[in-house]
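First comes the structure, then the notes that go with it.
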Amino acid sequence: MQVAKNKVVAIDYTLKNDAGEVIDSSEGQEPLHYLHGNQNIVPGLEQALEGKASGDRVQVSITPSEGYGERNDALQQVVPREAFQGIDDLEVGMQFRAESDNGQHIVTITSIDGDEVTVDGNHPLAGETLNFDVTVVEIRDATSEELEHGHVHGPGGHQH
Ligand code: ZN
């Protein structure tokens, strides 16, 4: 079986930035299970895995435009501390869900200056080149329920 649209693919992966630092890895955990062709993973990695077979190893360098996008400085904004009611100890690096005109997204606190809190709505990996080292562990057909939901169920996937 080959990696193709609507197959469930299990991968072991290590992700490094251009400095060679490991940003993310499945090492020591379950392989990542995703539904191919359903935007569960970044477009560049999906393209690189298309047509691969179980046991294949793929090493690929993905530009930001095929990864988590370019950084957009307009997504940074300064908000007053009282916008974070109920949270006593705000810290740089904390992440929150925010509502905007484009739906829900994650914002990260990048600095705190007295009553002024700077939040950044860019994906933490926006602007980064993604260097993936991936091994395809398993490929199977998706169930009709998984296709309906657009994601994988069971081990390594959604538990619901
Ligand atoms: Zn589901």
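Remarks
- Within segment 48-76, restricting attention to residues that are part of a helix (DSSP H, G or I) and either on the phi > 0 side of the Ramachandran plot or in contact (Cβ under 8 Å) with a residue 12 or more places away in the chain (or both), the residue that is surrounded by the fewest Cβ atoms within 10 Å (Cβ to Cβ) is Leu75.
- Yes/no for Gly93 being in contact with a Ser or Thr (Cβ under 8 Å, 6 or more places away or on another chain) and outside any strand (DSSP E or B): yes
- Only one of Glu128, Glu99 that is away from the ligand (no atom under 16 Å from the Cβ) and in contact with a helix residue (DSSP H, G or I) (Cβ under 8 Å, 6 or more places away or on another chain): Glu128
- Flag for Glu27 being free of Cβ contacts under 8 Å to residues at least 40 places away in the same chain and surrounded by 15 or more Cβ atoms within 10 Å (Cβ to Cβ): no
- Scanning segment 132-160 for residues that are under 16 Å from the mean Cα position of the chain (by Cα) and either within 11 Å of the ligand (Cβ to nearest atom) or buried (at least 19 other Cβ atoms within 10 Å of the Cβ) (or both) gives Phe132, Val134, Gly150, His151, Val152, Gly156, Gly157, His158.
Computed from the coordinates by the stated procedures, all read-outs in this text should not be read as laboratory data. These numbers come from a predicted model, not from an experiment. Methodologically, a virtual Cβ is constructed for each residue, glycine included, from the backbone with ideal geometry; neighbour enumeration extends over all protein chains shown.
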